[in-house]
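Worksheet for the structure shown next.
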Amino acid sequence: MTEGVGFDASSYGFSKVENSDMVQIPDLSTAVIDLFRDAPTLSFYSTVHLTDEKRSPFPQDGRYMAKRVEKLLQEYTGADKSMWGPEFEFYIFSKVKYDTRTASSYYELEHAEEFHKNAYHAANPFDVYDDFRDEACRLLNQVGVDVKYHHHEVGERGQQEIETYFSDLLTTADNIVTSKYVLMNYARRENLFITFMPKPMYQQAGNGMHVHLYLTKDGKNAFYEKGKYANLNDLARFFMGGILKHAPALSAFTNPSTNSYKRLVPGFEAPVVLTYGQGNRASAIRIPKYVNNPDETRFEYRPPDATANPYLCLSAILLAGIDGVVNKIDPETEGFGPSEKLDMSEKNRDKLSFLPRNLDEALDALEMDNEFLKRGGVFTDQLIKQWMRIKHEEISAIGTMPHPFEFKMYFNL
């Protein structure tokens, strides 16, 4: 509990084999009784430390990075903390099979639901998994994740959504990991399969992990100013400006899988355009029009998905916002809006900026634009290069694998 537990860091890609000893020290404030073990088991998050005399924090530990970026927020913006409210979108399947071999590649999904219209907020008897969500939310509450609400999402083959209440950055990142752990284990117990994969099915809505965000100062909302556009003050505008300005580079952390970009295409409410506006779900930043409480005045960044490492994802978003405040990046001056209704016609597309079309483009953007991530040494050159190397390896592996649809298109040519 105090000395920590030694482990081989090379097995996680944290270090090289010849110098791989590190130590995990438990964060006892996160301790819960594990809901899915037969023997009474205490489960908690840890911080990762080097094995020097001081037991120095490992600079690439995501939880350590999250703490450091919150301090930078105070230093550069005057705000006390950032508050985050993530939305978890996922599909439930009754049976799943998939495999990839030298001479075989396939996936097969079976689903208990099949709507022939919009399934958004479907009710009984058509919503098959309302009881599943009820129990899942009860389990999440047991381990300290406060659920705001749940409902059926727009996907017609079993798509769900669970939204949680606002927490600080570190707690939110922990809660994202905890939520996936609880949902996946509970699904397995019920002989079901869930996936947060951004685009698991053709011509069905993708899974995002939208994050609502505001800052606080002296316990009050630091974004609110009555009478301004959407009641958002200059701090909020500059913060949004920084995020939109750096959004292509952010995509390498907010949407870090090749599958992410099969969701980020026009249609299905995909947030592909680098604009901000009230209620516009095609914009990367949406300002909810239904919020009347000044304490919850906020915006929603819609591109992220749950293939992201939540610590890196949220820290990167916050650093982009801080950069916007420091450099007074005005989103309107930069041409990002406000936009209440997007004109996506061919004539108007040249006037718009878009997210990267694939992971390759996102990594190119990160290579060209990463100084904002290194403010205060939160992200290091080593981490960025290592992340890019791993992701390029994923792209290469997928790029050399024949796709089943290619057989349909090209086999008999």
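Structure summary
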{"read-out": "Region 176-197-region 107-148 distance, computed between alpha-carbon centres (Å)", "value": "12 Å"}
{"read-out": "Signed unit charges on C-beta, dipole axis of region 65-410, positive-most listed residue Asn255, Gln382, Gln278", "value": "Gln382"}
{"read-out": "Residues of type lysines that Lys148 reaches as a straight line, Cα spacing below 22 Å, ignoring anything fewer than 8 places off in the same chain", "value": "Lys81, Lys180, Lys220, Lys289"}
{"read-out": "Over region 229-318, relative contact order from alpha-carbon pairs under 8 Å, at least 6 apart, %", "value": "29 percent"}
{"read-out": "Relative packing of peptides 293-302, 242-251, 223-232 - highest average C-beta neighbours within 10 Å first", "value": "242-251, 293-302, 223-232"}
{"read-out": "Net charge of neighbours whose Cβ lies under 15 Å from the Cβ of Gly4, counting Lys and Arg as +1 and Asp and Glu as -1", "value": "-4"}
{"read-out": "Set of lysines near Lys374 by C-alpha distance (under 19 Å), chain-local residues within fewer than 8 positions excluded", "value": "Lys67, Lys71, Lys245, Lys328, Lys385"}
{"read-out": "Cross-link reach list, lysines versus Lys391, counting only Cα pairs under 19 Å and skipping chain neighbours closer than eight places", "value": "Lys16, Lys199, Lys262"}
{"read-out": "Computed [θ] at 222 nm, helices only, for the chain once each DSSP H run of length n ≥ 4 contributes -39500 (n - 2.57)", "value": "-10000 deg cm²/dmol"}
{"read-out": "Net charge of neighbours whose Cβ lies under 11 Å from the Cβ of Ala79, counting Lys and Arg as +1 and Asp and Glu as -1", "value": "-1"}
{"read-out": "For the chain: relative contact order, % (alpha-carbon pairs under 8 angstrom, 6 or more apart)", "value": "15 percent"}
{"read-out": "Selected from Ala39, Ala31, Ala236 as most flexible by GNM, with the chain as the system and alpha-carbon contacts under 10 Å", "value": "Ala39"}
{"read-out": "Coordinate range along principal axes, alpha carbons of region 8-77, Å, largest first", "value": "46, 39, 22"}
{"read-out": "Listed residues Phe299, Ile176, Ile322: farthest to the positive end of the dipole of region 65-410 (Cβ charges)", "value": "Ile322"}
{"read-out": "Region 267-319: C-alpha pair distances exceeding 13 Å, %", "value": "63 percent"}
{"read-out": "Kirkwood-based shape ratio for the chain, expressed as Rg/Rh from alpha carbons", "value": "0.96"}
{"read-out": "Local net charge near Asp131, Cβ-Cβ under 15 Å (Lys/Arg +1, Asp/Glu -1)", "value": "-3"}
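Taken together, the values in this text are just the output of simple stated rules run on the coordinates, not laboratory data. This one's a predicted model, so the numbers in the text were calculated from it and none came from an experiment. As a convention, Cβ positions derive from the backbone with ideal geometry for all residues, glycine included, and neighbour counts pool all protein chains shown.
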